[in-house]
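*Asks:* Below is one structure. I have some questions about it.
Values in this text are rule-based calculations from the coordinates and carry no lab data. All of these numbers come straight from a predicted model, not from anything done at the bench. No Cβ is skipped: glycine too gets one built from the backbone with ideal geometry, and neighbour counts run over all protein chains shown.
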Amino acid sequence: MDFQIHLLLIQDGVTNGAIYALLSLALVLVFAVTRVIFIPQGEFVAYGALTLAAIQAGKAPPTVWFLVALGAAAAGADIWQAVRESRGSRIPAILGINLGLPLALAGILQVAPLATLPLVVQVILTLLVVVPLGPMIYRLAYQPVAEATVLLLLIVSVAVHLALLGLGLFFFGAEGTRTPSFTDGSLSIGPATFQYQSLWIIGITVLLIVGLFAFFERTLYGKALRATAINRTGAKLMGISTDMAGKLSFALAALVGAFSGVLVSPVTTIYYDTGFLMGLKGFVGAIIGGLASYPIASLGAVMVGLLESYSSFWASAYKEVIVFTLIIPVLVWRSLTTHHVEEEEH
Amino acid sequence: MKLPTKKLAVALAAFGLSTAALADITIGVSVSATGPGAVLGGPQKNTTELFPTSFAGEKINWVVLDDASDPTNTAKNIAKFITETKVDVIMAGTTTPGVMAAAGPAAESKTPLIALAPNRLDGEKFKWAFTMPQPIGLMAEPLLEHAKSKGYKTLAFLGYHPDAYGEAWIKTLEPMAGKYGITFGPIEGFARTDTSVTGQVLKLMSVKPDAVIVVASGAPAAMAHSSLSERGYKGQIYQTHGAPSPVFLKNGGKAVENGVIVAGPLLEWEQLPDSHLSKKVGAEYAKAYEGKYGKDSLSSFGGHMWDGWAITSRAIPVALKKAKPGTEAFRVALRDAIESEREIAGVHGVFNFSPTDHSGFDSRGRVLLQVQGGAFKVISTK
């Protein structure tokens, strides 16, 4: 085991770890704002990657019709609420946002020459299809039970995960796909060679993390999310809509998930069920951060990536066992070092 | 009193139907046409559409059901076949758990079962089941033979592990390799959904085996293969019959060039020698299937279904001499005929079943392929 091998293993581990880090950030964000343990996070990775693959194959991705269907359901729920609150004037806006925009997008995807568009446009279209699924899922599955216990929200998450997984199989089939690299080839610095795609992954991850940091520190919406995360009731009293905060955090989670999928799909073949395991590894990272700390969660996720890479070298058959066993000492350590205050649950 | 007359009419109609069915041969098919097993089960269901509806002067009723890749549904379908449709033959089990679910009821009702997935049945279940896919041992032989002829001494494993397919190959290669003067190991595992195999490949590179066998399917098999090539592995890379497919060549590109693959004879039937009994059957199947479902739609999994009918259709005339369809005597005669008929040509090889061998293959059930110029070339049919 020489220096060269270490270098390659570290590179591999950091590349995978970067993706896990993104997912762990999304998990921490969603949990902090809505108390939802977002198991379906991984599905957005698969949806993102497979939607992009469909667009590159020149086909309108089936997810866009899912978006239209979810939009119709969300519009129905919102209209029902508006009618009950006798605020009928909102109905056109509700219809426009939930149904009009997805239908317009579906129309564009039907007529545009998808396969020949530049990669950037394909990626933007992918995000336009997949990201709105996040807030719509929040509206339909979580918003009606937003005040429920963490356990109930977790059970809802399991249900949403299973539904999205089955739909993924229905939309994309059991066969996996792989998309071409953003940039082919590799870069040699001294003894190390870096695939350009790995550099893209690490670079974009860092950019996204910086972007999220700026969003939370500098923008009003970011501050509203932070306020909701710190104290839901307090934020509500200050006039912050918790529904808006929930939808926004789900939109960010979907964005991060779909973008991870877009980034990782040139590296490996993505199947409808690939995302789940990636999401779980991000979850291990998030647990290391106590589902509260963004920097510790991302460091933890990179550690998971490195551990995975080294265990695939030393004991490949036990790789997953080793990675997921990591959670036990972490939980022991956390329960010994932190004073756990039971959150009041209604 | 309207109701009783209606009931009577329904009962009479049902009676009429069941007597009509009694004279025909009924074949029950349960495959995974949807769900995760659809890659395998879809072509199997498609293949049933190509089968004749009358044969040897008898009408054939095909009852094709989907188990949605869930063995519980397979069990329900089989129960329906036995109690309601009273089938003469069952073709079922796209995946191993499906076969396990079908084998018990098939044996209890004394119905021959064409098993479409590998299995390890024993006793009465073994007696009534005939397995279509080639056993791993049969496929391992020519690879080890090839390695021996090249003078390789060490063979490492890089494949699905822990996993049923990988495990079957490990269990087969471990005792066999020694007979060819080859040391088997180390065993490096990965999973279908893994994003990289860098660690495993680096480990293998540090051990420097003469050859590596990749045990995986389609795209992941190509990923493992190209990772080895890209890291500069110079030894021979072998692939199993799980790998060859258009997606393997597409994803693998130049990196899989020179890889040696064991496969059933169907995939490259055009390259078989004319003396090979599977060539004519393969041509017939390929033309019928691609004629209906489009060019390059052929898959080896659908071929197992075709072979199931090849075997059944050979046994039907023999059994018809002994008993009437729809009776237990007919099913017993059918089973005996499948076991005693010789040289049944299928697309995956030539079947000669015996009371102790219910897979029936010989060396005609496999070919060695090599990737040359981005295509599969048959390099040996032994």
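*Asks:* Suppose each label sits 7 Å from its Cα in the direction of the beta carbon; what would the A:Tyr318-A:Ser86 distance come out to in nanometres?
*Replies:* 6.9
*Asks:* Compute the signed sum of charges (Lys and Arg +1, Asp and Glu -1) over the other residues within less than 13 Å, Cβ to Cβ, of A:Leu162.
*Replies:* Details: positive: none; negative: A:Glu43, A:Asp273.
Surrounding charge for A:Leu162 is -2.
*Asks:* Starting from the Cα of A:Ala163, move 7 Å in the Cα-to-Cβ direction to define the label point; list residues of region A:68-101 whose amide nitrogen is under 12 Å from there.
*Replies:* From region A:68-101, the list is A:70-71, A:73-74.
*Asks:* If we count every other residue with Cβ under 12 angstrom of B:Phe184's Cβ, Lys/Arg +1 and Asp/Glu -1, where does the sum land?
*Replies:* Details: positive: B:Lys153, B:Lys171, B:Lys179; negative: B:Glu174, B:Asp210.
Spelling it out: positives minus negatives among the neighbours equals +1.
*Asks:* Output needed for region B:135-185: three equivalent-ellipsoid semi-axes, defined as square roots of 5 times the C-alpha gyration tensor eigenvalues, in descending order, whole Å. Write down the numbers at each step before the final one.
*Replies:* On the way: eigenvalues 69, 27, 15 Å².
Taking √(5λ) for each eigenvalue gives 19, 12, 9 Å, largest first.
*Asks:* Please give the FRET efficiency for B:Lys208 paired with A:Glu175, using the beta carbon to beta carbon distance and R0 = 30 Å, rounded to the nearest 0.05.
*Replies:* Working: r = 35 Å, r/R0 = 1.16.
Efficiency computed from Cβ-Cβ geometry: 0.30.
*Asks:* Have a look at region B:244-322 and give its Rg and Dmax from the Cα atoms, expressed in angstrom.
*Replies:* My reading of the Cα-based Rg and Dmax gives 15.8, 57 Å.
*Asks:* For the protein assembly as shown, what does the helix formula give at 222 nm: sum of -39500 (n - 2.57) over DSSP H segments with n ≥ 4, over the residue count, nearest 500 deg cm²/dmol?
*Replies:* So the calculated ellipticity at 222 nm is -18500 deg cm²/dmol.
*Asks:* When the Kirkwood hydrodynamic radius is evaluated over all pairs of different C-alpha atoms of chain B, what value in angstrom, to one decimal, is obtained? Each step should come with its number before you reach the end.
*Replies:* Values: mean 1/r = 0.0456 Å⁻¹.
About 22.0 Å, per the Kirkwood formula over Cα pairs.
*Asks:* Tell me the Kirkwood hydrodynamic radius of region B:33-122 in angstroms, computed as one over the mean inverse distance between distinct C-alpha pairs.
*Replies:* After inverting the mean inverse Cα-Cα distance, the result is 13.4 Å.
*Asks:* Can I ask one more? Expressed in whole Å with the largest first, what are the equivalent ellipsoid semi-axes of the protein assembly as shown derived from the C-alpha gyration tensor as the square root of 5 times each eigenvalue? Working shown, then result.
*Replies:* On the way: eigenvalues 479, 258, 102 Å².
Semi-axes (√(5λ), whole Å): 49, 36, 23.
*Asks:* Let me ask something else. Would you mind calculating the relative contact order of chain A from Cα pairs under 8 angstrom and at least 6 residues apart, reporting the percent as a whole number? Write down the numbers at each step before the final one.
*Replies:* Details: 515 pairs, mean separation 128.1, N = 346.
Taking the mean separation of contacting Cα pairs over the length of chain A, I get 37 percent.
*Asks:* If N is the number of residues in region B:274-382, what value comes out of its Cα radius of gyration divided by 2.2 N^0.38 Å?
*Replies:* That works out to 1.25 for region B:274-382.
*Asks:* Shifting gears a bit: Taking region B:136-263 on its own, what percent of its Cα-Cα pair distances exceed 20 Å?
*Replies:* 35
*Asks:* Now a separate question. How much FRET efficiency would the formula 1/(1 + (r/R0)^6) give for A:Ala57 and A:Thr233, where r is the Cβ-Cβ distance and R0 is 60 Å, rounded to 0.05?
*Replies:* Values: r = 49 Å, r/R0 = 0.82.
Working from the Cβ atoms, E equals 0.75.
*Asks:* Relative contact order (percent) for region B:136-263, with alpha-carbon contacts under 8 angstrom and 6 or more residues of separation? Mind showing how you got there, number by number?
*Replies:* On the way: 220 pairs, mean separation 34.2, N = 128.
Value for region B:136-263: 27 percent.
*Asks:* Report Rg/Rh for chain A, rounded to two decimals, where Rg is the Cα radius of gyration and Rh the Kirkwood radius.
*Replies:* 0.98
*Asks:* Here is a further query. Note the full-extension length gain between A:Ser186 and A:Leu151 as 0.36 nm times their separation in residues minus their Cα-Cα distance, in nm to one decimal.
*Replies:* Details: separation 35, 0.36 × 35 = 12.60 nm, distance 4.64 nm.
Working it through step by step, the gained length comes to 8.0 nm.
*Asks:* Enumerate by residue number the trypsin sites (Lys or Arg not before Pro) in region B:112-145 meeting two conditions: DSSP loop (anything except H, G, I, E, B), and at most 16 other Cβ atoms within 10 Å of the site's Cβ.
*Replies:* Within region B:112-145, the qualifying trypsin sites (Lys or Arg not before Pro) (loop, at most 16 other Cβ atoms within 10 Å) are B:Arg120.
*Asks:* Still on this structure, I have one more. List every residue whose amide H lies under 5 Å from the amide H of B:Glu188, counting only residues 5 or more places away in sequence or on a different chain, with H placed 1.01 Å from N in the peptide plane.
*Replies:* B:Phe157, B:Leu158, B:Gly159
*Asks:* Return the lysines within reach of B:Lys150: Cα separation strictly under 22 angstrom, same-chain partners fewer than 8 residues apart disregarded; answer none if there are no such residues.
*Replies:* Output for B:Lys150: B:Lys179, B:Lys208, B:Lys234, B:Lys377, B:Lys382.
*Asks:* With a point put 7 Å past each Cα toward its Cβ, work out how far B:Lys179 is from A:Phe194 in nm, to one decimal.
*Replies:* 5.2
*Asks:* Right, something else. As an exercise, use a Förster radius of 41 Å and the Cβ-Cβ distance of B:Ser275 and A:Ala72 to find the FRET efficiency, rounded to the nearest 0.05. Write down the numbers at each step before the final one.
*Replies:* Values: r = 63 Å, r/R0 = 1.53.
That gives a FRET efficiency of 0.05.
*Asks:* With a/c under 1.5 counting as rounded, go ahead and sort region A:53-166 into rounded, prolate or oblate using the C-alpha gyration tensor (a ≥ b ≥ c being the square roots of the eigenvalues; past the cut-off, prolate if a/b is larger than b/c, else oblate). Let's see the in-between values first.
*Replies:* On the way: a/c = 3.11, a/b = 1.45, b/c = 2.14.
Note, shape of region A:53-166 comes out oblate.
*Asks:* Round to a whole angstrom and tell me the spacing of the C-alpha centers of region A:162-198 and region B:45-110.
*Replies:* Result: 39 Å between the Cα centres.
*Asks:* Could you check the simple spin-label distance between B:Thr327 and B:Asp362, using points 7 Å along Cα→Cβ, in nm with one decimal?
*Replies:* That separation, rounded to one decimal, is 3.6 nm.
*Asks:* I'd like the distance between the alpha-carbon centres of region B:166-226 and region B:300-377, rounded to an integer number of Å.
*Replies:* When both Cα centres are located, 32 Å separates them.
*Asks:* On the first, second and third principal axes, largest extent first, how far apart are the outermost C-alpha atoms of region A:1-96 in Å?
*Replies:* 72, 39, 17
*Asks:* How would region A:252-346 be classified by its alpha-carbon gyration tensor: rounded, prolate or oblate, with rounded meaning a/c under 1.5 and the a/b versus b/c comparison settling the rest?
*Replies:* Numbers: a/c = 2.34, a/b = 1.33, b/c = 1.75.
Since a/c reaches 1.5 but b/c is at least a/b, the shape of region A:252-346 is classed as oblate.
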